[in-house]
Amino acid sequence: KQALLQAVNGVTAAIFASTPPQRLLNILWWGAAPEWVETPEKAARYGTLMAILADTILASLPKGRSALDASLRSKLCDVAQTFSGVAGLEDRAAQLIATAQPSRAA
């Protein structure tokens, strides 16, 4: 069972890697935004999938944070709010918040 789970996760990650990050963020937001999630416990049922989506999004968003528009920043923060209450996703919540922060001029 563990090998099958790893294979499914690998295939899922590969498919997500070929999908535009904004589309992945919309998918994640539709399922993990606080207004859609009833409780963190219910969201935790999908923790593995949410983690794969978040990892793919974080790896593929433009490196210059100034390239992120306000809508994307807001969605990242919404998802991070949900992730902060789901065991195992707290670190990703912090990464999403950090990514959503605008770059500071030097």
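Matching residues to (1) modelled with pLDDT of 95 or more; (2) surrounded by 15 or more Cβ atoms within 10 Å (Cβ to Cβ); (3) not charged (D, E, K, R):
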site	(1), (2), (3)
17	no, no, yes
33	no, yes, yes
52	no, yes, yes
61	no, yes, yes
70	no, no, yes
93	yes, yes, yes
100	no, yes, yes
105	no, no, yes
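Please go through the stretch 43-92 and pick out each residue that is among the acidic types (Asp, Glu) and free of Cβ contacts under 8 Å to residues at least 24 places away in the same chain. Matches in the stretch 43-92: 69, 90, 91.
The values are calculated or read from the model by the stated rules, or taken from the named source; none is laboratory data. Keep in mind that this is a model prediction, so the values were computed, not measured. Here the Cβ is made from the backbone with ideal geometry for all residues, glycine too, and neighbour counts use every protein chain on show.
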